[in-house]
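Let me begin by presenting the structure, written as structure tokens, before commenting on it.
The values are calculated or read from the model by the stated rules, or taken from the named source; none is laboratory data. The shown structure was predicted, so the numbers you read here are calculated from the model rather than taken from an experiment. All Cβ positions, glycine included, derive from the backbone under ideal geometry; neighbour counts span all protein chains shown. Accessible surface is based on the protein model in full, side chains and every heavy atom, while ligands, DNA and RNA are left aside. Shrake-Rupley method; radii C 1.70, N 1.55, O 1.52, S 1.80 Å.
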Amino acid sequence: MARISLGVLLFSLLSCLAIFAPGCRADFPPPEVTEPGIVVLPEPLDRGAPGRVLVSGLDPGSTVSGSFDGKPIFFFAHKGNLVGLFGADIMIEPGGHPLSVQWGPDPGQRRTITVTVKDKSYGVRDIKVPQSQVDLSPSDLARTQREREQTTRALGTQSPLRLWSGEFIEPVPGRINSSFGRQTRLNGVLNARPHAGADYLVAEGTPVKAPADGKVILAGDHFFAGNSVYVDHGQGLISMFFHLSRIDALEGQEIKKGDVLGLVGKTGRVTGAHLHYGLYINGARIDPPVFRQMTASLYAD
Ligand SMILES: [Zn+2]
């Protein structure tokens, strides 16, 4: 008797699934919505600092995209989660800025959170250079405009694949004598653009090493930056090295962490030999030593 009842029940269920499936759906729980865990570090964030967003609880094959303050965030798999890097540009307005994560094609598979950016005082530096390097001649002005087009194109590179892994290394062993973010008083006049890199005080001729794997996307002699090398590390992360006495890298060359890109020099608009090391994430200018610390904590156990 019990066996017949079970058979009838099974038949009813199969009929229901096969014939009346749409009407039966209400009898079953709705499909489970997987909402990923999203954590932003650090929070709040200094202006000029890099940040990272960790997305957990998704299938390993999930495609995740994102944005911070209108700039894209690319993700990579790391320790079972997905990690995306972003930067609070040195000139960003302090306050709340939107960070969005999209983990599927459905508009519901998206979350936007507000990341707080704190103001940070980086100080002012005084620099004296020949006045001809401030009030440019028409030919120098035309040259800087041409070079700006090249550098803007290089800085806009967004290769979808991450080329680097592991902790970034210091490009030279010296100490930093003019830190990132300072405002520059040039021959007594305050420049609106803050110092978008870290200056390392090292002897002329010191080898400059690639901080991580990547590809050389621009190498040349520029009016302000002197002999310069720009390296694409993938996913919108670009490093740059200025004022070199010699360039030892070719455009298009793939490089490994520690490869020599050139030698420290005093070319371009400088007061003496040093290495200017800059780092951009998808157009945001960030502090290179702080980024290095972030890569160290990503890979720490
Ligand atoms: Zn500099």
Centre separation in Å (Cα based) which lies between segment 123-179 and segment 205-228
10 Å
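Give me D for segment 249-301 in µm² s⁻¹, whole number, from Stokes-Einstein with Rh from the Kirkwood sum over alpha-carbon pairs, 20 °C and 1.002 mPa s.
Answer from the Stokes-Einstein relation: 154 µm²/s.
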All alpha-carbon distances of segment 124-299, grouped into 5 Å bins from 0, give the whole-percent distribution 2, 9, 17, 23, 22, 16, 8, 3, 1, 0
Going highest first, how would you order 196-206, 130-140 by mean Cβ packing within 10 Å?
196-206, 130-140
For segment 212-274, go through all pairs of different Cα atoms, get the mean of 1/r, take its inverse, and jot down that Kirkwood value in Å.
11.6 Å
Once the piece of chain linking A203 and Y299 is laid out straight, how much longer is it, given 0.36 nm per residue of separation minus the C-alpha distance between them?
31.4 nm
Give me the 1.4 Å probe accessible area per residue for the chain, excluding ligands and nucleic acids, in Å².
52 Å²
Among the DSSP beta bridges whose two residues both lie in the chain, what percent are antiparallel, rounded to the nearest 5?
90 percent
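Could you give the length gained on full extension between Q133 and T184, defined as 0.36 nm per residue of separation minus the Cα-Cα distance, in nm? Mind dumping the intermediate values first?
Working: separation 51, 0.36 × 51 = 18.36 nm, distance 1.43 nm.
Length gained, Q133 through T184: 16.9 nm.
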Among 84-90, 184-190, what's the highest-first ranking by average C-beta atoms within 10 angstrom per residue?
84-90, 184-190
Just the number, please: Stokes-Einstein D of the chain in µm²/s, Kirkwood Rh from C-alpha pairs, 37 °C, 0.692 mPa s.
150 µm²/s
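Beta carbons within 10 angstrom, averaged per residue: use that to sort the peptides 109-121, 252-264, highest first. Walk me through the numbers before you get to the answer.
Details: 109-121: 14.2, 252-264: 17.0.
Final packing ranking: 252-264, 109-121.
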